[in-house]
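Bear in mind these aren't lab numbers, they're just calculated from the coordinates by the rules spelled out. Note that this is a predicted model, so its numbers are computed, not measured. Every residue, glycine as well, gets a Cβ built from its backbone with ideal geometry; the counts of neighbours run over all protein chains shown.
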Amino acid sequence: MTDFTAEVQGVTKRYGETEAVRGVDLTLAPGECVAMVGHNGAGKSSLIKLMLGLTTPSEGRIRVLGGDPASAACSPIRRRIGFLPENVAFHPNMTGRETLDFYARLKGAPRGGNDALFERVGLEPAAIRRRVGTYSKGMRQRLALAQALLGGPRLLFLDEPTTGLDPALRQSFYAIVAELRDQGTTVLLCSHALTELEGQADRVVVMNRGRKVADGSLATLRSLARLPVRIRLTMPAADIDDLVRRVGEGAAPTRLAGGVVELACANDDKVGLVRRIACDGPAVHDIEIVQPSLDEMYAHFLRREAAE
Amino acid sequence: MNTLLIIAGKELREATRNRWVVATTLLMGALALTLSFLGSAPTGTVGVGPVEVTIVSLSSLTIFLLPLIALLLSFDAVVGEIDRGTMTLLLSYPVARWQLLLGKFLGHAAVIALATVVGYGAAGLTMAMGDTPIGPESWRAFAAMIGSSVMLGAAFTALGYLASTLVRDRGTAAGIAVAVWLCFVLLYDMALLGLLVAGSGIGVEALNWLLLANPADAYRLFNLTGFKGVSSFAGTAGLAAHVQLPAPMLLAVMAAWVAAPLALAAALFSRKQI
């Protein structure tokens, strides 16, 4: 099967005694944006290094773009891969333009496209002429993204791409990622800023201590996690007891600040509960439905993992 | 081939930027000029020209200085890039590890070559403009000294690369580099001398081999015994008669001291888990 951009089968990576990656299976399809989440040291970066061929697996098999990324003949594969490492560093004495030229030459990408790349990631012409040593974190990250996009990659690894970026920059960052994904590029995003991944990722992979503990779309993970949905109602405090008596079982009320009461219920009961509140509940000023966030689901999967 | 040049070019450009090239060239030039002026002073009836005097004093100083510069330039080459995080990105590019190592080495060797040729060449130029006529034999000796100095620098650059790939920590790599310099440049000759003085009865044959086991000694022998005019002044004419090591062999030894550490470093580097 060559339909997958990357295939990881039963891969384990040991560094001496410690196991950084343990028996991970993972497939990445074209045009898919996959978010990999996990604590520091959960094995995210180790897995990326394995897929880049920087390290070789202790057990298992990896195929990237139809070949072994660590083999001697991997150059054609690597030309089609973009990588933005965590804590990216450049040679401080080279200018932005020289840096990108250097990487473009190494990758065999035409240097004529560099100006367009600079513009795409939002680096000003004045900044390009300056030495990288004078760059701010945000500018360095833009340059890092520019080098990752060299040569139009089919597979893009972004390791903690948005740490240290301001919100506006994050948005333009994800706009670029979405654009690439729509063009058929596979994007693997690593982050622990979970909230910003919502809406960006087609699929979420949760890693913990080297193991893959969950893999699926946000909706799949939600139903797997069976976390309660919370319904927040703004209403007069006097009516709360009345409400609980009427909408009844399965909904545990909690009083929040500002005259808000929160009811937690299972996802399947959500619609029924809302109907009961609307039809025969007391007068409600406002109603808000809060889905479990990625943060909560992540915490849930880790708890489940710890319990096993 | 192209990849090697790209990496070497970047390394050279960077060394130019952070003033390594300028600093070493100025240092070598100042050293060579000072010694050549001293050498131009009347040398009495010994019957040697200013070039020979300069070669003897300059090569003796080169032995101490050039390995130090080469090691300082190279000990950080691999371990430093891993430390700063630039290595991970570089290795994700379509570049073989040996290409990366060799390319960087070529860049650093070019820095040494540039500094040596320009610095020592300036001294040669001032001597050529002096009043004393200088024969072609002297010029050959001077050119040979510049060439072998570049090789000496390359050999110690290669040793620095080996130190840099061997360890995971910059401090340790720096320590190894200093130790390499101390051992090969200072302690080795002292130990050899001690061995001779103690009269342990090692033969000429064994001494020859021991001298070859050190690139600095090979360099010294090549410059001080290789040319007749030089050896008569250096007081090594007697030694030259005894040491049966022809110049091509000494050069081959120095070349081996470039290739062997570099090959070992490349082998270690390709197995390294970054």
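Run the simple label-point estimate for A:THR134 and B:LEU26 please: 7 Å along Cα→C-beta, distance reported in nm.
Computed distance between label sites A:THR134 and B:LEU26 equals 2.2 nm.
Of the options A:PHE173, A:VAL247, A:ALA237, report the single residue whose Cα projects farthest towards the positive end of the charge dipole of the range A:129-268 (beta-carbon charges: Lys, Arg +1; Asp, Glu -1).
A:PHE173
Anyone know which of B:GLY39, B:GLY130, B:GLY147 comes out most mobile in the 10 Å Cα GNM of chain B?
Its mean-square fluctuation being the largest, the pick is B:GLY130.
Indicate, rounded to the nearest 5 percent, the antiparallel portion of the DSSP beta bridges found entirely in the protein assembly as shown. Present the calculation step by step, with values, prior to reporting the outcome.
Working: 35 of 53 bridges.
Expressed as a percentage, antiparallel bridges in the protein assembly as shown total about 65.
If you count, for every residue in B:10-20, the Cβ atoms of partner chains within 10 Å of its Cβ, what is the mean?
3
Give me B:MET127, A:MET94 ranked fewest to most by other Cβ atoms within 10 Å of their Cβ, as a rough exposure proxy.
By the 10 Å Cβ count, ascending, the order reads A:MET94, B:MET127.
Roughly speaking, what is the stretch gain from B:PHE64 to B:LEU186, that is 0.36 nm per residue apart minus the C-alpha to C-alpha distance, in nm to one decimal?
43.1 nm is the gain from fully extending B:PHE64 to B:LEU186.
Taking neighbour Cβ counts within 10 Å as the exposure measure, how do A:ARG232, A:ARG97 sort from fewest upward?
In order of increasing Cβ crowding within 10 Å: A:ARG232, A:ARG97.
Once you charge only the Cβ atoms, +1 for Lys and Arg and -1 for Asp and Glu, what is the size of the charge dipole of the protein assembly as shown about its Cα centre, to the nearest 20 debye?
The dipole of the protein assembly as shown has a size of about 580 debye.
What does the charge dipole of the range A:228-291 about its Cα centre add up to, to the nearest 20 debye, if the Cβ of each Lys and Arg holds +1 and the Cβ of each Asp and Glu holds -1? Please list the in-between numbers first.
Working: 8 positive and 10 negative charges, 13 e Å.
Roughly 60 debye, rounded to the nearest 20.
What percent do you get for the relative contact order of the range A:228-291 when only Cα pairs under 8 Å and 6+ apart count?
Computed value for the range A:228-291: 53 percent relative contact order.
As an exercise, use a Förster radius of 51 Å and the Cβ-Cβ distance of B:LEU196 and A:SER71 to find the FRET efficiency, rounded to the nearest 0.05.
Approximately 0.45, to the nearest 0.05.
Do you know the relative contact order of chain B, to the nearest whole percent, from alpha carbon pairs under 8 angstrom that are 6+ apart?
29 percent
Assign unit charges at the C-beta atoms only (+1 for Lys and Arg, -1 for Asp and Glu), then state the dipole size of chain B relative to its Cα centre in Debye, rounded to the nearest 20.
For chain B, the charge dipole is close to 720 debye.
For B:THR172, what is the net charge nearby, where nearby means another residue's Cβ is under 14 Å from its Cβ and Lys, Arg count +1, Asp, Glu -1? If you can, show how the numbers build up before the last one.
Details: positive: B:ARG168, B:ARG170; negative: B:ASP76, B:ASP83, B:ASP169.
Cβ neighbours under 14 Å give a net charge of -1.
If the elastic network links every pair of Cα atoms under 10 Å, which of A:GLY281, A:GLY184, A:GLY41 fluctuates the most in the Gaussian network model of chain A?
With Cα springs under 10 Å in chain A, the top fluctuation among A:GLY281, A:GLY184, A:GLY41 is at A:GLY281.
On full extension of the chain, what length is gained from A:ALA307 through A:GLN171, given 0.36 nm per residue of separation minus the C-alpha to C-alpha distance?
45.3 nm
Which one of B:TRP209, A:SER293, A:SER45 is farthest out on the positive end of the charge dipole of the protein assembly as shown, using unit charges on Cβ (Lys, Arg +1; Asp, Glu -1) and the Cα centre as origin?
B:TRP209
Determine, from the Cβ-Cβ distance of A:ILE287 and A:GLN9 and an R0 of 51 Å, the FRET efficiency 1/(1 + (r/R0)^6), rounded to the nearest 0.05. Could the numbers behind the result be given before it?
Working: r = 47 Å, r/R0 = 0.93.
After rounding, the FRET efficiency stands at 0.60.
Could you please state, rounded to a whole Å, how far the C-alpha centre of the range A:189-240 is from the C-alpha centre of the range A:78-117?
Using only Cα atoms, the two centres lie 36 Å from each other.
Which peptide among B:82-92, A:282-292 comes first, and what is the full order, when sorted by highest mean count of other Cβ atoms within 10 Å? Show your work: numbers first, answer last.
Details: B:82-92: 19.5, A:282-292: 13.1.
Packing order, densest peptide first, comes out as B:82-92, A:282-292.
Please report, ordered by residue number, every helix of chain B (full DSSP H runs) that is 24 Å or longer along its axis going by C-alpha atoms and whose mean Kyte-Doolittle hydropathy reaches 0.0.
Membrane-span-like by this rule: B:20-40, B:50-74, B:97-128, B:136-166, B:247-271.
Using a 10 Å cut-off on Cβ to Cβ distances, tally the other chain neighbours for every residue of A:83-93 and report the average as a whole number.
The per-residue average across the peptide is 5.
Tell me the label-point distance for the pair B:MET249, A:GLU86, using the 7 Å Cα-to-Cβ offset, in nm and rounded to one decimal.
5.7 nm
Put +1 on the Cβ of each Lys and Arg and -1 on the Cβ of each Asp and Glu in the range A:199-293; which of A:LEU221, A:LEU263, A:VAL205 then has its Cα farthest toward the positive end of the dipole?
So the residue we want is A:VAL205.
Could you state the angle between the C-alpha long axis of helix A:270-280 and the longest principal axis of the C-alpha atoms of chain A, as a value from 0 to 90 degrees rounded to the nearest 10?
That works out to roughly 40 degrees.
Cα centroid distance between the range B:1-42 and the range A:1-31, in Å?
When both Cα centres are located, 48 Å separates them.
Determine the calculated [θ] at 222 nm for the protein assembly as shown from helices alone, applying -39500 (n - 2.57) to every DSSP H run no shorter than 4 residues and normalising by the residue count; nearest 500 deg cm²/dmol.
-17500 deg cm²/dmol
Taking 7 Å along the Cα-to-C-beta vector as the label spot, tell me the A:LEU256-A:ASP269 distance in nanometres, rounded to one decimal.
So the two model labels end up 1.9 nm from each other.
How high is the relative contact order of chain A, in percent, counting Cα pairs under 8 Å that sit 6 or more residues apart?
Relative contact order comes out at 20 percent.
Stretch A:THR163-A:ASN40 to full length: gain in nm at 0.36 nm per residue minus the Cα-Cα span?
Answer, rounded to one decimal: 42.9 nm.
Over all residues in B:77-86, what is the mean tally of Cβ atoms on other chains that come within 10 Å of each residue's Cβ?
Values: counts 0, 0, 0, 0, 2, 0, 1, 5, 6, 6.
Mean partner-chain Cβ count within 10 Å for B:77-86: 2.
Of A:VAL204, A:VAL247, A:VAL34, which has the largest mean-square fluctuation in a 10 Å C-alpha GNM of chain A?
A:VAL247
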